[in-house]
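Peer 1: If you scroll down you'll find the structure; I have some questions about it.
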Amino acid sequence: QLQLVESGGGLVQAGGSLRLSCAASGRAFSSRTMGWFRQAPGKDLEFVAVISWWAGASTSYGDSVKGRFTISRDNAKNTVYLQMNSLKSEDTAVYYCASAPKYTLRQSEYDAWGQGTQVTVSS
């Protein structure tokens, strides 16, 4: 089972950028799908982005972040990233990194989760 640790969250003004990182421990990282989810206060967990493990990785994004967020991974560093640009106040949430054995957008199919990192966007 992978251990996941997120970093890079913080306070940023609307229109600004942040890059989240998720460091994974374990040799299985390069064969695992990696995803980002977020949870705003009082709201359900929301899918943000996913990246496959294979070369020429496939990616998918939630509708609310398409064109603004980019997910990437560095298998040599066991790390997945989420570059967030043009941030809006509605992006304020706790962001979670997660891992799944197959390519999926369904949170129920992810079996390893990080502790989360807070992102706050001030308007």
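The values are calculated or read from the model by the stated rules, or taken from the named source; none is laboratory data. Only a predicted model underlies this, so the values are computations on that prediction, with no experimental measurement involved. As a convention, Cβ positions derive from the backbone with ideal geometry for all residues, glycine included, and neighbour counts pool all protein chains shown. Please note that ligands, DNA and RNA were not included when accessible areas were found on the heavy atoms of the full protein model with its side chains. Shrake-Rupley method; radii C 1.70, N 1.55, O 1.52, S 1.80 Å.
Peer 1: Tell me yes or no: at least one residue of segment 91-105 is touching an Asp or Glu at 6+ places or on another chain (Cβ under 9 Å), in contact (Cβ under 8 Å) with a residue 12 or more places away in the chain, over 20 Å from residue 13 (Cα atoms) and not in a strand (DSSP E or B).
Peer 2: Yes, some residue in segment 91-105 is touching an Asp or Glu at 6+ places or on another chain (Cβ under 9 Å), in contact (Cβ under 8 Å) with a residue 12 or more places away in the chain, over 20 Å from residue 13 (Cα atoms) and not in a strand (DSSP E or B).
Peer 1: Also, I was wondering about something else. Among (1) at pLDDT below 95; (2) loosely packed, with under 14 Cβ neighbours inside 10 Å, there is one condition residue 106 misses while meeting the rest; what is its number?
Peer 2: (1)
Peer 1: Turning to a different aspect of this structure: Scan segment 26-41 residue by residue and report those that are open to solvent by 50 Å² or more (accessible area, probe 1.4 Å) and within 10 Å of residue 93 (Cα to Cα).
Peer 2: Answer for segment 26-41, where residues must be open to solvent by 50 Å² or more (accessible area, probe 1.4 Å) and within 10 Å of residue 93 (Cα to Cα): 39, 41.
Peer 1: When segment 109-121 is examined, which residues are found to be assigned to a strand (DSSP E or B) and open to solvent by 40 Å² or more (accessible area, probe 1.4 Å)?
Peer 2: 113, 118, 120
Peer 1: Looking only at segment 81-90, how many residues end up being in a strand (DSSP E or B) and among the hydroxyl-bearing types (Ser, Thr, Tyr)?
Peer 2: Total meeting the criteria: 1.
Peer 1: Further question: Quick check on my filter: what residues within segment 42-80 are assigned to a strand (DSSP E or B) and open to solvent by less than 40 Å² (accessible area, probe 1.4 Å)?
Peer 2: 47, 48, 49, 50, 51, 60, 69, 71, 79, 80
Peer 1: Could you check segment 1-23 and list, in sequence order, the residues that are open to solvent by 30 Å² or more (accessible area, probe 1.4 Å), within 17 Å of residue 82 (Cβ to Cβ) and not in a strand (DSSP E or B)?
Peer 2: 8, 9, 17
Peer 1: Take residue 83 and decide whether it is farther than 18 Å from residue 110 by Cβ, of a type outside the set (Val, Ile, Thr) and either touching a strand residue (DSSP E or B) at 6+ places or on another chain (Cβ under 9 Å) or surrounded by 15 or more Cβ atoms within 10 Å (Cβ to Cβ) (or both).
Peer 2: Yes.
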